[in-house]
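Okay, so here's the structure we're looking at.
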Amino acid sequence: MLIESSQMPDQQGYFGEYGGQLIPPSLIEIMNEIDQAYEEVKKSESFQNELADLYANFVGRPSPIYFAKNLTEKMGGARIFLKREDLNHTGAHKINHCIGEALLAKHMGKTKVIAETGAGQHGVALATACALVGIDCEIHMGEVDIAKEHPNVTKMKILGCKLVAVSSGTRTLKDAVDSAFEEYLKDPINSIYAIGSVVGPHPFPKIVRDFQSIVGKEARAQFLSSENKLPDVLIACVGGGSNAMGLFTEFLNDDNVKMIGVEPAGKGLHTDQHAATLSLGKKGAIHGFECYTLQDDEGNPLPVYSIASGLDYPGVGPQHCHLKDIQRVEYVAIDDQECLDAFMLLSRLEGIIPALESAHAIAQAMKLAKDMPSDSTILVNLSGRGDKDADFVSELLGL
């Protein structure tokens, strides 16, 4: 099945049945202005040159692909490779779209950028990008995540952003999104809401995907250069789904490349303590767009949970929903214990401490590799490093 990413979404912002702009008419006009500005800068040579220069000399791109020899030997079977987004400036893939969004805001003459963050990586990356281009930044973060991700909170404050602690609801990512969006609605003319994943009303799922697609473009060329073939399997964690779409997009038409998105099973899919939206959700609406959601009988988003603060979202990117429906990507779930085991094993075998979000993808690679032939290959998007999680995991495991 040929998938034309350039034709997705359609003009109404839909990927198949999912996406759109479920927002007030006045806000639709503003979103369309953002879309028009984005389409203009996409065609601007000066914008693209500035973005490429910052990717190379500020972010540190291209990020390398690393053969995890020790982990491969431990698991047996397929060779496991890592796309090292953890080596980017600020420590994760989030900087890829944050640089782009900050430049877009400056191009549009905005004076303030507003955003949410869960694990804090999007917050740190956006605060970094805003400091770089000279624009005010306001980050909303749930109180639970503030306590859990203290190192990133400190970085955001040092970088000069205004940090808003969200005390409503479950005090986690979904509530941070609600709070940030409410603040944005107070002045959408002078501010821009820089969404942190491939979610939200059109055009944000498209914009974030496009900026993140640098991951897959690099990975495809790097793997062909080093291995003279494409990976057999791609694996990435999925909360909202930005790092996964970043890796997957360039490979969508390579039918021989299997793709797996890994959701958080939390304390088990048989409990209510998980965030496995694509695995157990159904079509609904959240934060201005249609997608699979975890919802109650009235269609309201359910509270969700993950050991990884960046994955505990009750919705998911609309393109992921479409890719699930057409069976181009398989979506599975990894629980907290499997995540922690992968976190510790990668740290002690390879000297790489992964983000808890990324450890979900590592865990799935470990499960899969041992049942695959030794001449097969798995490429995992190591979307972030675990500096932010080290104290939390140490306390949790009594290290």
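The values are calculated or read from the model by the stated rules, or taken from the named source; none is laboratory data. Every value quoted in this text rests on a predicted model; they were computed, and no experiment measured them. Backbone-built Cβ (ideal geometry, glycine too); neighbour counts: all protein chains shown. Note: areas computed on protein heavy atoms with side chains; ligands, DNA, RNA excluded. Shrake-Rupley method; radii C 1.70, N 1.55, O 1.52, S 1.80 Å.
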Residues (at pLDDT 95 or above and not in a helix (DSSP H, G or I)) located in segment 116-140: 134, 135, 136, 137, 138, 139, 140
Hits in segment 82-95 (condition: assigned to a helix (DSSP H, G or I) and within 7 Å of residue 59 (Cβ to Cβ)): 95
Single condition residue 109 does not satisfy, out of (1) at pLDDT 95 or above; (2) of a type outside the set (Val, Ile, Thr); (3) in a loop (DSSP other than H, G, I, E, B); (4) open to solvent by 60 Å² or more (accessible area, probe 1.4 Å): (4)
Which listed residue, of 239, 200, is on the phi > 0 side of the Ramachandran plot and either buried (at least 21 other Cβ atoms within 10 Å of the Cβ) or touching a Cys at 6+ places or on another chain (Cβ under 9 Å) (or both): 200
Qualifying residue in segment 314-325 (condition: modelled with pLDDT under 95, of a type outside the set (Val, Ile, Thr), in a loop (DSSP other than H, G, I, E, B) and open to solvent by less than 10 Å² (accessible area, probe 1.4 Å)): yes
Members of segment 156-182 found to be part of a helix (DSSP H, G or I), touching a residue at least 40 places away in the same chain (Cβ under 8 Å), in contact with a strand residue (DSSP E or B) (Cβ under 6 Å, 6 or more places away or on another chain) and open to solvent by 10 Å² or more (accessible area, probe 1.4 Å), listed by number: 177, 179
Any helices (runs of 4 or more DSSP H) falling wholly within segment 213-311 and containing at least 2 residues that are within 30 Å of residue 48 (Cα to Cα) and of a type in the set (S, T, N, Q): 214-227, 242-248
Given (1) closer than 17 Å to residue 31 by Cβ; (2) in contact with a strand residue (DSSP E or B) (Cβ under 8 Å, 6 or more places away or on another chain); (3) open to solvent by 40 Å² or more (accessible area, probe 1.4 Å), number of the condition residue 185 does not satisfy: (2)
Output for segment 167-185, where each listed residue is over 20 Å from the mean Cα position of the chain (by Cα) and more than 19 Å from residue 147 (Cα to Cα): 182, 183, 184, 185
Considering residues of segment 336-391 that are part of a strand (DSSP E or B) and of a type outside the set (Gly, Ala, Ser) only, the residue nearest to residue 119 (Cα to Cα): 385
Number of the exception - residue 195 against (1) within 26 Å of residue 90 (Cβ to Cβ); (2) in a helix (DSSP H, G or I); (3) touching a residue at least 60 places away in the same chain (Cβ under 8 Å): (2)
Helices (runs of 4 or more DSSP H) contained in segment 9-77 and holding at least 2 residues among the acidic types (Asp, Glu) and under 23 Å from residue 318 (Cα atoms): 25-42
